[in-house]
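Undergrad: Please find one structure pasted underneath; my questions will follow.
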Amino acid sequence: MKKFILATLVAATSFLSAHAASITGLVNTGSFASGAQDTNYALNGSSFGYVTSNGSFPLNGAWIANTATSKWITPALNQGTSFDPSANGTYSWKLNFDLSGFNAATASFAGQFAADNSAVVKLNGVQVGSAGGFSSFSNFSANSGFYSGVNTLEFVVTNLAQANGNPTGLRVEFLQSNVAPVPEPEAYAMLLAGLGLMGVISRRRMKGKAA
């Protein structure tokens, strides 16, 4: 009986503490070919930006060079397009990911990003990081504030006004992410059965000692 209870508890615990998985949908910028639209990141709610390439302005020494891991995305196909000549511009890049079927309380991620000229990142409306430029990465992370369904990461980029030679863009890399699946009902049933049997045996032992 003791072995059965122990096996039941071990099995249930293994279900409840299932190995965490990476969060599907957290993708780096520029996961498409250079010149293609990056449809993972919605721009200003109605369009998409374009994946850049190394070798031409501003990716000729100004911005951090693209790598196989991530690339810059910009609002225009011509990555050197100048924006915001007389007033600061604001660009909202949104990335959605779905945690349906997962325990949102266990979710976490960490990453790094850069922007021309600066940016803040928000998870479901709450700021979780800021970046001050395009020559180095800044960190961002979250281990709370997740929803059980669709979640939104918003990168709000500010491009400072400049008469010419004023491109803007965003670069995002996720370093790690984790979330645990919601245990199947059978796992809870096994755990409750094991706990119930332990309770029965404990009461019998107490009665035996009293006698």
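The values are calculated or read from the model by the stated rules, or taken from the named source; none is laboratory data. Just so it is clear, the model here is predicted, and its values are computed rather than measured. Don't worry about glycine lacking a Cβ; one is built from the backbone with ideal geometry, like all the others, and counts go over all protein chains shown.
Undergrad: Scan region 90-107 and tell me whether some residue there is of a type in the set (S, T, N, Q), out of contact with any Pro (no Cβ under 6 Å at 6 or more places or on another chain) and under 22 Å from Pro167 (Cα atoms).
TA: Checked against the condition, which is being of a type in the set (S, T, N, Q), out of contact with any Pro (no Cβ under 6 Å at 6 or more places or on another chain) and under 22 Å from Pro167 (Cα atoms), region 90-107 yields at least one hit.
Undergrad: Go through Ser92, Ser108, Ser100 for me and flag whichever is out of contact with any helix residue (DSSP H, G or I) (no Cβ under 9 Å at 6 or more places or on another chain), touching a residue at least 12 places away in the same chain (Cβ under 8 Å) and not in a strand (DSSP E or B).
TA: Residue meeting the stated conditions: Ser100.
Undergrad: For region 45-73, which positions are over 16 Å from Asn164 (Cβ atoms), surrounded by 13 or more Cβ atoms within 10 Å (Cβ to Cβ) and not small (Gly, Ala, Ser)?
TA: Phe48, Tyr50, Val51, Thr52, Asn54, Leu59, Trp63, Ile64, Asn66, Lys71, Trp72, Ile73
Undergrad: What tally of residues in region 132-149 results from selecting those that are in a loop (DSSP other than H, G, I, E, B) and over 19 Å from Gly101 (Cα atoms)?
TA: 6
Undergrad: Can Phe32 be described as modelled with pLDDT of 95 or more and either surrounded by 15 or more Cβ atoms within 10 Å (Cβ to Cβ) or in the same structural domain as Thr81 (by TED's automatic domain parsing) (or both)?
TA: It is true that Phe32 is modelled with pLDDT of 95 or more and either surrounded by 15 or more Cβ atoms within 10 Å (Cβ to Cβ) or in the same structural domain as Thr81 (by TED's automatic domain parsing) (or both).
Undergrad: Only one of these conditions is not met by Thr152: (1) more than 14 Å from Thr29 (Cα to Cα); (2) touching a Lys or Arg at 6+ places or on another chain (Cβ under 7 Å); (3) assigned to a loop (DSSP other than H, G, I, E, B). Which number is it?
TA: (3)
Undergrad: Identify, please: which residue in region 49-75 is under 17 Å from Asn159 (Cα atoms) and of a type in the set (Val, Ile, Thr) and is, among those, nearest to the chain's Cα centre (by Cα)?
TA: Here the answer is Ile73.
Undergrad: If you take the residues in region 109-137 that are surrounded by fewer than 16 Cβ atoms within 10 Å (Cβ to Cβ) and among the hydroxyl-bearing types (Ser, Thr, Tyr), which one is farthest from Ile23 (Cα to Cα)?
TA: Residue satisfying both the conditions and the ranking: Ser135.
Undergrad: Still on this model: Among all residue pairs at least 6 apart or on different chains, which show Cβ distances below 7 Å where the first residue, located in region 112-126, is touching a residue at least 60 places away in the same chain (Cβ under 8 Å) and the second is small (Gly, Ala, Ser)?
TA: Gln112/Ser138; Phe113/Ala119; Phe113/Ala131; Phe113/Ser138
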